[in-house]
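Every read-out reported here was derived from the displayed coordinates using simple, explicitly stated rules and does not represent laboratory data. Since we're looking at a predicted model, the values are computed, not measured. As a convention, Cβ positions derive from the backbone with ideal geometry for all residues, glycine included, and neighbour counts pool all protein chains shown.
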Amino acid sequence: MTKIIVVGATGRMGSRITALSKDYHDLKLVGATERKGHDAIGRDIGTIVGIGETNVKLTDRLEDIIDNCDVIIDFTSINSTLQHMKLAHERKKAMVIGTTGFSKEEIGHIEEASKNIPIVIAPNMSVGVNLLLKVLQDIAKVLGDEYDIEIVEAHHRLKKDAPSGTAMKMAHVISNAVNRDLDEVAVYTRKGLIGERTKKEIGIQTIRGGDVVGEHTVFFFGLGERIEITHKASSRDTFARGALKAALWVSGRTSGLYDMQDVLGLK
Ligand SMILES: NC(=O)C1=CN([C@@H]2O[C@H](COP(=O)(O)OP(=O)(O)OC[C@H]3O[C@@H](n4cnc5c(N)ncnc54)[C@H](OP(=O)(O)O)[C@@H]3O)[C@@H](O)[C@H]2O)C=CC1
Ligand SMILES: O=C(O)C1=N[C@H](C(=O)O)C[C@H](O)C1
């Protein structure tokens with residue numbers, strides 16, 4: 001039995017992970033946290049997320065409950081994830097991190113922590129996107145030199161980071177496949193008299209609005225044809241199930257930094 005704590009358990013992702021955890025017989029929800037002073041602190045998390053009483057009370061003190069768990073599942077925000085990771089590191093607990101938007105330096109801190117605890121981190125925990133990452137690598141290797149590559153992502157109006165973690169991961173996978181340094185070739189905005197498109201650039205564009213769960217399209221534009229590869233998430237449950245799968249997978253592993261490709265056996 002893998003014992004999990006969901007941090008940010010009333011959030012868009014946290015609430016679905018908490019609710020769906022009851023479908024997994026080999027997972028046990030032993031804790032749920034929210035930000036200090038949250039209105040629902042002390043209430044049963046099950047009644048908040050719509051699965052009935054769980055006997056797990058929402059708390060704002062992860063430090064008091066962390067010893068009960070094997071894995072912490074964290075879809076919160078950059079700063080809170082880094083704080084949770086510090087505690088997980090001190091108490092030797094595994095983590096599944098879905099939070100996006102980390103800087104290179106912050107990823108460095110996560111890498112450092114993973115020398116002592118196992119961490120699965122992925123900007124997108126759906127099977128579809130992780131399979132796409134593999135396919136994109138293959139297509140980019142064949143077409144990358146001749147075709148213009150552009151990525152467009154769309155998300156709900158409440159998303160805070162841009163471009164999405166998934167779009168950035170796709171851009172990294174593609175730029176590695178075509179031997180380009182993403183920092184040198186990424187183009188995030190176009191306006192004014194910008195001149196012709198350079199051959200090597202990789203465009204990454206962001207759209208925000210309404211309740212879009214998450215959509216990513218990668219274009220390979222050639223002469224006389226183009227390929228468009230799109231992934232559309234229609235429910236957050238696809239990410240939530242991936243996170244729960246990752247918690248089962250990472251439990252009992254030794255230290256190391258892993259991603260969803262490891263979890264899904266796609267490497
Ligand atoms: N990897 C993946 O597959 C996916 C990743 N994401 C990423 O997950 C993250 C969260 O997304 P989403 O669920 O939409 O965001 P939400 O804002 O809905 O959820 C985040 C939750 O975490 C809470 N929180 C903030 N600080 C703390 C803290 N210190 N302790 C405990 N809880 C805290 C927030 O509280 P409050 O509202 O009070 O701030 C909120 O309830 C984003 O980075 C997003 O990009 C999203 C979907 C899929
Ligand atoms: O914030 C979101 O909602 C999502 N974030 C992830 C990202 O930044 O890639 C994954 C998903 O598309 C939803």
Counting Lys and Arg as +1 and Asp and Glu as -1 over every other residue whose Cβ sits under 14 Å from the Cβ of Asp23, the net charge comes to +3
In degrees, nearest 10, the alpha-carbon axis of helix 127-143 is tilted away from the dominant principal axis of the alpha carbons of the chain by 20
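In percent, what relative contact order does region 126-231 have, based on Cα pairs under 8 Å that are 6 or more apart in sequence?
Details: 159 pairs, mean separation 42.7, N = 106.
Result for region 126-231 is 40 percent.
How much mean residue ellipticity at 222 nm does the chain get from its helices, if each DSSP H run of length 4 or more adds -39500 (n - 2.57) and you divide by all residues, to the nearest 500 deg cm²/dmol? Could you put the intermediate results ahead of the total?
Values: 10 runs with 94 residues, N = 267.
Result for the chain: -10000 deg cm²/dmol, rounded to the nearest 500.
Taking other Cβ within 10 Å of each residue's Cβ, how do Lys169, Lys191 sort, fewest first? Don't jump to the answer; show the numbers that get you there.
Numbers: Lys169 21, Lys191 5.
Least crowded to most crowded, the residues run Lys191, Lys169.
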Residues Thr81, Thr217, Thr10 arranged by fewest to most Cβ contacts within 10 Å: Thr217, Thr10, Thr81
Return one number: the angle in degrees, 0 to 90 and rounded to the nearest 10, between the long axis of the Cα atoms of helix 78-91 and the longest principal axis of the Cα atoms of the chain. 50
Please report the spacing between the Cα centers of region 151-167 and region 197-223 in Å, no decimals. 11
How tilted is helix 237-250 with respect to the longest principal axis of the chain? Cα atoms for both, answer in degrees (0 to 90, nearest 10). 70
Show me 39-46, 124-131 ranked by packing, highest mean number of other Cβ atoms within 10 Å first. 124-131, 39-46
Can you put Lys36, Lys92, Lys28 in order, fewest other beta carbons within 10 Å first? Lys36, Lys92, Lys28
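Tally Lys/Arg at +1 and Asp/Glu at -1 over every other residue whose Cβ is under 11 Å from the Cβ of Thr33; what's the total?
Numbers: positive: Arg35, Lys36, Lys57, Arg61; negative: Glu34, Asp60, Glu63, Asp64, Asp74.
Neighbourhood net charge equals -1.
Using the eigenvalues of the Cα gyration tensor, what equivalent ellipsoid semi-axes result for the chain when each is taken as the square root of five times the eigenvalue, whole Å, largest first? Provide the component values of the computation, followed by the final result.
Values: eigenvalues 256, 71, 56 Å².
The three semi-axes for the chain are 36, 19, 17 Å.
When DSSP beta bridges are limited to those with both residues in region 120-267, what percentage is antiparallel, rounded to the nearest 5?
Working: 15 of 25 bridges.
Of those bridges, close to 60 percent are antiparallel.
Longest segment of the chain with no GluC sites (Glu not before Pro) in a DSSP loop having at most 11 other Cβ atoms within 10 Å?
54-145
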Can you list the aspartates and glutamates whose alpha carbon is less than 16 Å from that of Lys57, not counting same-chain residues fewer than 8 positions off? Glu34, Asp39, Asp44, Asp67
Quick check: net charge around Ile73, other residues with Cβ under 13 Å of its Cβ, Lys/Arg +1 and Asp/Glu -1? +4
If you take the charge dipole of the chain about its Cα centre, with +1 on Lys and Arg Cβ and -1 on Asp and Glu Cβ, which of Ala162, Gly46, Leu29 is farthest toward its positive end? Gly46
